[in-house]
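Notes to accompany the following structure.
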Amino acid sequence: MAIKAIFVGINKHRSALLARLDAVRRLGHNLGYGVGDNMDDLLAERGFDGGPR
């Protein structure tokens, strides 16, 4: 899982990868079926606050 890989260990590309996941999270809110909400939950469990949708 991409989220797990980003938060495990030290990763020099973490901020760029988080930005990409945040873009997916925001787009997910337009898909329906709870995709964006699930992404919110997964990222929040790891302490990432993606900001406004």
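Among the residues of the stretch 24-48, the ones that are surrounded by 12 or more Cβ atoms within 10 Å (Cβ to Cβ) and either among the acidic types (Asp, Glu) or assigned to a helix (DSSP H, G or I) (or both) come to 14 in all. The number of residues in the stretch 5-23 being in a loop (DSSP other than H, G, I, E, B) and surrounded by 12 or more Cβ atoms within 10 Å (Cβ to Cβ) comes to 1.
Just so you know, all these numbers are worked out from the coordinates, no wet-lab data involved. Everything quoted here is computed from the prediction, not taken from an experiment. Every residue, glycine as well, gets a Cβ built from its backbone with ideal geometry; the counts of neighbours run over all protein chains shown.
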